[in-house]
Each structure stands twice: as structure tokens, then as C-alpha cells.
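Worksheet: the structure to be examined is printed underneath.
Any read-out appearing in this document is the output of simple, stated calculations on the displayed coordinates, not a laboratory observation. All values reported here derive from a predicted model rather than from experimental measurement. Glycine also receives a Cβ, built like all others from the backbone with ideal geometry; neighbour counts cover every protein chain displayed.
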Amino acid sequence: MSLDPNDSRPKSVQVADVLRAEISAGKHGGGKLPPTRDLAKRFGIAGQTLSNGLRILVDEGLIFSAGNLGYFVAKADQESAEAKPDVTEEIKGLHSQIEALTQRVAALEERSGSVGA
């Protein structure tokens, strides 16, 4: 589905309508939306216009932002406000794991650098 150039509504509203329809049809399966760069390219719009469209869906509670991880469809069987804390905690846990792995990699690189010296 693409945007209608003859539609008088703002492109951000059209984007929200298209994504809302896709979410209702289960296209995104309660999961992550495509990256914003890909969505902007798909619709042929500027990133800010896409952000405005996504904000409409966030305000409706249909999707939520997980920061740098992107946008996710809110669970249909729960209020989005209830779903956010669960995801937020999972994200915090993942960030902790990434930090621990980053430190381990740095330590291994340091050791391999001192072995070759």
C-alpha cells in the first residue's frame, strides 16, 4: 500500500492509516515494525514526516517506541501502558548483557594484543 498523491490529508496521517491497517491485518504480528529508514523509503517521505505518522500511532497506543531499538506493535490483549514496562525491563536486561559482552571482548582483545607484542 502506498500513499495517495491526490489525498488532501497530510502524508503523516496517510502513513498512520496504512500502518494501522497493516497492524489490524496482522502483518506485523505483534512484533517490530521495519526500521524507520526503510519505512520512509517505502513511502517516499522524509524521516520527520514518518516520525509524525508514527507519533499518531503511539498516541493511540497501537505502537510504542523502544528507543534505539525501534517501534513495536503493542500487544492486542493488553493496554500498551501495561506492555511497556515488560518490554522496558527486557531491553534493560539486553543492554546489561551487551555491556558485559562488550567488556569481555575488550578484555580478550587486550590479551591477544599483549600476546603478540
Test: F72 is free of Cβ contacts under 8 Å to residues at least 24 places away in the same chain, under 11 Å from the mean Cα position of the chain (by Cα) and crowded, with 17+ Cβ neighbours inside 10 Å: no
Give the number of residues within segment 1-45 that are in a loop (DSSP other than H, G, I, E, B), free of Cβ contacts under 8 Å to residues at least 40 places away in the same chain and farther than 21 Å from A66 by Cα. 8
